Amino acid sequence: MSELDRFKRLAKSLIPRFPKGNERNYSLEDAQMMLNDLGMQMSPAVLAYLIDSDEILDDFVNSIYHLETKLKKRIITDDTRIDPELDPKVYVVDGTVAFTIVRRGGELIFAEYELPKGME
């Protein structure tokens, strides 16, 4: 991922998104459910760190809103999971956890968080 793409994602995460009309509103509990669904792809310590932080949960929800805007469709199913057709994945590498989906044959990172030292 280029530095420009990282900067754009960072800028979007700092600007809160308020859904309009009949769009769904996601809560922190919804973010916990989405992360728990992806929990088998990360260690229990990483999962606990992510779901215990309201700041991370709020950023994750904003990342979902921005991804839905970018894709121009809902990506969260009625049972509060990221659509399995998008093949969501979690990568924990070098103290960073990244969340991706598959789009047009390539992976797209939609959320990324730094982990405390020694956690992987």
- Message: So in the stretch 1-40, with the set limited to residues that are of a type in the set (Phe, Trp, Tyr) and within 22 Å of ARG81 (Cα to Cα), which one is modelled with the lowest pLDDT?
- Response: PHE18
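Does GLU112 satisfy the criteria of being outside any loop (DSSP other than H, G, I, E, B) and either modelled with pLDDT under 90 or loosely packed, with under 13 Cβ neighbours inside 10 Å (or both)?
No.
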- Message: When the residues of the stretch 57-105 are narrowed to those that are farther than 17 Å from ASP5 by Cβ and among the small types (Gly, Ala, Ser), which ends up surrounded by the fewest Cβ atoms within 10 Å (Cβ to Cβ)?
- Response: GLY105
- Message: Taking the condition of being within 13 Å of the chain's Cα centre (by Cα), in a loop (DSSP other than H, G, I, E, B) and of a type in the set (D, E, K, R), how many residues in the stretch 58-81 meet it?
- Response: 1
- Subset of the stretch 43-55, residues crowded, with 19+ Cβ neighbours inside 10 Å and either touching a Cys at 6+ places or on another chain (Cβ under 7 Å) or within 15 Å of GLU112 (Cβ to Cβ) (or both), comes to VAL46, LEU50
- Any pair with Cβ under 8 angstrom, 6 or more apart, that starts in the stretch 63-89 at a residue that is in contact (Cβ under 8 Å) with a residue 24 or more places away in the chain and ends at one that is crowded, with 17+ Cβ neighbours inside 10 Å and polar (S, T, N, Q): SER63/SER13; HIS66/SER13; PRO88/THR100; LYS89/THR100
- Query: Only one of these conditions is not met by GLU107: (1) within 16 Å of ASN36 (Cα to Cα); (2) in a strand (DSSP E or B); (3) charged (D, E, K, R). Which number is it?
  - Reply: (1)
- Scanning the stretch 35-55 for residues that are in contact with a helix residue (DSSP H, G or I) (Cβ under 7 Å, 6 or more places away or on another chain) and closer than 21 Å to GLU107 by Cβ gives LEU35, GLY39, LEU47, LEU50
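The values are calculated or read from the model by the stated rules, or taken from the named source; none is laboratory data. If you're wondering where the values come from, they're calculated on a predicted model, not measured in any experiment. When we count neighbours, we look across all protein chains shown, and the Cβ atoms used for this are built from the backbone with ideal geometry, even at glycine.
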